[in-house]
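Structure first, then comments.
Since every read-out is calculated from the coordinates, none of them should be taken as a lab result. The model shown is predicted, which means the values in this text are computed figures rather than measured ones. Quick reminder, even Gly has a Cβ in these numbers, built from the backbone with ideal geometry, and neighbours come from all protein chains shown.
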Amino acid sequence: MSTNPAVGTSGAAALEARAYRSVGLGRRLREFIEREWVFSWLILTPPLLFLLCFLGYPFFYGVYLSFFRREVAGSPTFVGFGNFVTLASDPIFWQSVGNTIKFTAAATVLKATGGLGMALVMNQNFRMKAITRALLLLPFIVPTVLSTVAWQWIYDPGLGLFNRLLVESGLATKGVSWLGNPTMAMISIIIVNTWRGLPFFGISILAGLQTIPVELHESATIDGASTWGRFRYVTLPSLLPVIFIVTTFSIILTFFDFQLVYVLTGGGPANSTHLMATYAYSLSVGVGQMGLGSAVALSMVPVLGLLLVLLTLYVRKD
Amino acid sequence: MKRPVQSRPGRRDFLKLTAGAAAIVGAPWIARKVEAKPTTIVFARESSYVKNFDEHFIKVMIPAYQKATGIKIDYQIQAAGGSAVPQLVSMVENKSGADLAWVQQEWLYRDALVDVSDIAEAVGKENGGWYDEIKLLSVDNGKWKSVPQANIGQLMVYRKDWFDEAGIKQFPETWDEFLEAGIKLKAKGHPFGMSMGHGFADNYSWLYPLLWSYGVTVMDKAGKKVALDTSETAKAVDYVRRLYKETCIEDCIGWLDPHNNKAFLTSQISCTNNAYSIMVSAKRDLPEMGKVIEHGLNPKGPNGQRYHALVPVTHGVFAYGPEPQAAKDFLRWTMDPKQFRPWIASGDMYFAPYLHAYDKIPEWDIEPRVKPYHKVLETGKLTSWPAPANRAHGTVINRWVVIDMFSKACLGAPTKTVIAEAVTQLKQIYG
């Protein structure tokens, strides 16, 4: 510390000036950050980088691969649209496209209706409501591979829960072959997907339900609306935006489903449960044709792109 | 004043100076690197159904190798049941992960494997020679790309007590007798469970031998011409359809590899085609059942021949590893009888060596019911047989072309249609 008052004065002034400059700099930085476009980009940059690394890179690499004949450990040969031409004449590819559409449509309808029902029940007041809500999330939380192994047991022809219930209750004399028959195998994977995806719908719609003002229901009741009338003209219209968004997301997730089919049926019997995702995997990893497998995966993009456009338009309109 | 050009340090001089400095600083490190032995070798292998086999490797072989060479072996056990191939493909694509491995479906990535002819030839010479059939897999363009370790035998696994009850004292010798036996057993509530789904062993291990025993192969020897389109194929398809409808549990058409084990161990089926892992599990967990399990050879077909499908275990060294030679040295060491024989014995001969010197070793007498698995080597063929085991064959296997030909027929499709569909696919695949 300086003992000279003169020096001390000038030192204090310098310090003060530095502090002023530093405050000024800090303020200017804060003002810069607080500008809307700067702040937006600051917030957006980390997730964008994340998406670019973990979604963008694999996606564009997949697009690149789909134009090449590229085998595992081999060098790529440009084939243009050759892989897509090959797929156009591949009956298994078309079967997997059909299976994916059936699977996605059936599972989404079941999840949407079931989820709505689940949300309506969960919106009522009853004892242990909180714990019931938490338990309903279990299918969504348990890793798919683990829960699918449990479903293998549930579908077991002799010891499985479903067949035991059917036979013990007298509803059937012998159990159903859940995974040994093409139709039943498709139904079985739809059931598992629905079971797993129901909580996503239920919880999202429940959140939507809780935003509907009570006054609307009260007014409708005073006007003489029945329970069904209140649901039809108050609840459902208010929920439509939530249902639309959740359904769109669910379609995308269901369209890409892979794990449960891979574990439960491997795409069999006789390709009857092969989805586009399992077929793309089978071609890329099993057969080692990375280009062809990528072409299958890329074939899913137009459908999903269309859904994304619809979703964006809807959100903008809203 | 103009400065002389020579005295001005240019960019090139700077680079030279930097390179020189780097060389001086880096020289000791480079020298160390050249001299240094690797400290660890990563060996990836699918887990064995016989627990002792992996335990022997970990507790006896790894410490012994470390003691002898100072090199540690990092044994990466891959989960059984189909996850090994994706992991191997991923390793090859990323050029990382393991120095050597059980190279399942090696036709997918042979280019990434080093030549191990020196090891395979020396081991063959010292051990009575290799079974010829395995050379069709391990030798590519005249070079050994993998060293065969052993075969996992696949046979008919059946409940002796139930066969006895149905009056069948000997395991059927022909496919027709097998059908008759199945009809009797199904009538008594004990159906067969012959896997026909999208698995990787238990389906091929009886459907391919059955096809061969009807005198049919999928491709010709050169792998150029589709050989499946014959009247004998139609007979084989008709036979399998009948076998499925009259003897089998309905579910088996969609079974993956673990499903028949589960069905057998829960007494839902009386016979299936499998490795002897079912007996291993039964002896461990269900001793009563363990006593009544027997193994039968695949029946003979109309051509009077009996066949089995090989499920090979081969070890290969990845070319991209930091020290392929060190990995090769380790592989050579494992094949030395001093190590190899106790290792094989620890697995109760679940892994049958492709070396003739091991044909008559007393270890085969560990359990009389295991002995038939040695017969698999005598009549065993690769699923590509007689064609080369190449990428095209891998495509046939991984797209279940032949398996689905049979399963579609069992689901009601006409014989001609299923054969025509399979032939079309084969022509596309083989070009």
| Given B:K125/B:K381; B:K188/B:K416; A:K102/B:K245; B:K125/B:K221; A:K102/B:K408, the pairs whose alpha carbons are separated by over 30 Å | B:K188/B:K416
| query | Can you give the mean number of other chain Cβ atoms that lie within 10 Å of the Cβ atoms in peptide B:401-413? | reply | 3
| query | When we measure straight from the Cα of B:K95, which lysines land under 19 angstrom away, once same-chain ones fewer than 8 places off are left out? | reply | B:K145, B:K328
| Once the dipole of the protein assembly as shown is set up with Lys and Arg at +1 and Asp and Glu at -1 on Cβ about the Cα centre, which of A:L275, B:I183, A:V167 lies farthest towards its positive end? | A:L275
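How would segment A:82-317 be classified by its alpha-carbon gyration tensor: rounded, prolate or oblate, with rounded meaning a/c under 1.5 and the a/b versus b/c comparison settling the rest? List each step's numbers first, then the result.
Values: a/c = 2.54, a/b = 1.40, b/c = 1.82.
Cα axes put segment A:82-317 in the oblate bin.
Only loop residues by DSSP count here, and only those with at most 15 other Cβ atoms within 10 Å; note down the chymotrypsin sites (Phe, Trp or Tyr not before Pro) in segment A:98-203 that meet that. Write out the running numbers ahead of the final one.
On the way: sites: A:F103, A:F126, A:F140, A:W151, A:W153, A:Y155, A:F162, A:W178, A:W195, A:F200, A:F201; in loops: A:F126, A:Y155, A:W178.
Of the chymotrypsin sites (Phe, Trp or Tyr not before Pro), the ones in loops of segment A:98-203 whose Cβ has at most 15 other Cβ atoms within 10 Å are A:F126.
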| Hey, if you drop one equal point scatterer on each alpha-carbon of the protein assembly as shown and run the Debye formula without solvent, what base-10 log of I(q)/I(0) do you get at q = 0.06, 0.08, 0.09, 0.11 Å⁻¹? | -0.50, -0.80, -0.95, -1.27
| note | In deg cm²/dmol, rounded to the nearest 500, the helical mean residue ellipticity at 222 nm of chain B, built from -39500 (n - 2.57) for every DSSP H run of length 4 or more, is -14000 deg cm²/dmol
| Counting DSSP beta bridges in the protein assembly as shown, what percent are antiparallel, to the nearest 5? | 65 percent
| Cα centroid distance between segment A:158-193 and segment B:200-245, in Å? | 31 Å
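How would B:S117, B:S384, A:S284 line up from fewest to most surrounding beta-carbon atoms within 10 angstrom?
Working: B:S117 15, B:S384 22, A:S284 25.
With the sparsest Cβ surroundings first, the list reads B:S117, B:S384, A:S284.
Rounded to the nearest 0.05, what FRET efficiency do A:F50 and A:Q210 have when you use their Cβ-Cβ distance and R0 = 22 Å? Display every interim value, and only then the final one.
Working: r = 31 Å, r/R0 = 1.40.
For R0 = 22 Å, the calculated efficiency reads 0.10.
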| field | Semi-axis lengths, Å, segment B:133-227, gyration tensor of Cα atoms, sqrt of 5 times eigenvalues | value | 34, 16, 12
| Unit charges at the beta carbon, dipole of segment B:46-90: most positive-side option, B:V85, B:V50, B:I73 | B:I73
| request: Quickly estimate the mean residue ellipticity at 222 nm for chain A, helices only: each DSSP H run with n ≥ 4 gives -39500 (n - 2.57), and the total goes over all residues, rounded to 500. | output: -22500 deg cm²/dmol
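Between beta-carbons, use under 12 Å as the cut-off and find the net charge around B:G167, counting Lys and Arg +1, Asp and Glu -1. Please list the in-between numbers first.
Details: positive: B:K169, B:K184, B:K188; negative: B:D164, B:E165, B:E180.
Net local charge, B:G167 excluded: 0.
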| Which of the aspartates and glutamates could a cross-linker span from B:K160 if the Cα-Cα distance has to be under 14 Å and same-chain partners fewer than 8 positions apart are dropped? | B:E288, B:E294
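About its Cα centre, what dipole magnitude does the protein assembly as shown give when the only charges are +1 on Lys and Arg Cβ and -1 on Asp and Glu Cβ, stated in debye to the nearest 20? Present the calculation step by step, with values, prior to reporting the outcome.
Values: 73 positive and 60 negative charges, 452 e Å.
It works out to roughly 2180 debye.
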| note | Helix A:36-51 sits off the longest principal axis of the Cα atoms of chain A, rounded to the nearest 10 on a 0 to 90 degree scale, by 40 degrees
| field | Simple label model, 7 Å out from Cα along Cβ direction - B:K291 to B:T40, nm | value | 4.8 nm
| task | Report the label-to-label distance for A:L25 and B:A79 in nanometres (one decimal), using points 7 Å from each Cα along the Cα→Cβ vector. | result | 5.4 nm
| message | Checking the cross-link filter: which lysines have an alpha carbon closer than 17 Å to that of B:K51, excluding same-chain neighbours under 8 positions apart? | response | B:K59, B:K283
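Quick check: convex hull over the Cα atoms of chain B, volume per residue in Å³, rounded to an integer? Don't jump to the answer; show the numbers that get you there.
Working: hull volume 80.0 nm³, N = 431.
With only Cα atoms used, chain B gives 186 Å³ per residue.
About its Cα centre, how strong a charge dipole does chain B have in debye, to the nearest 20, once Lys and Arg get +1 and Asp and Glu get -1 at the Cβ?
Numbers: 53 positive and 47 negative charges, 379 e Å.
That gives chain B a dipole magnitude of about 1820 debye.
Could you quote the convex hull projected area for segment B:296-431, Cα atoms only and averaged over all directions, in nm²?
Details: hull surface 48.2 nm².
Mean projected area of the Cα convex hull: 12.1 nm².
If N is the number of residues in segment A:114-239, what value comes out of its Cα radius of gyration divided by 2.2 N^0.38 Å?
Values: Rg = 19.3 Å, N = 126, 2.2 N^0.38 = 13.8 Å.
That works out to 1.40 for segment A:114-239.
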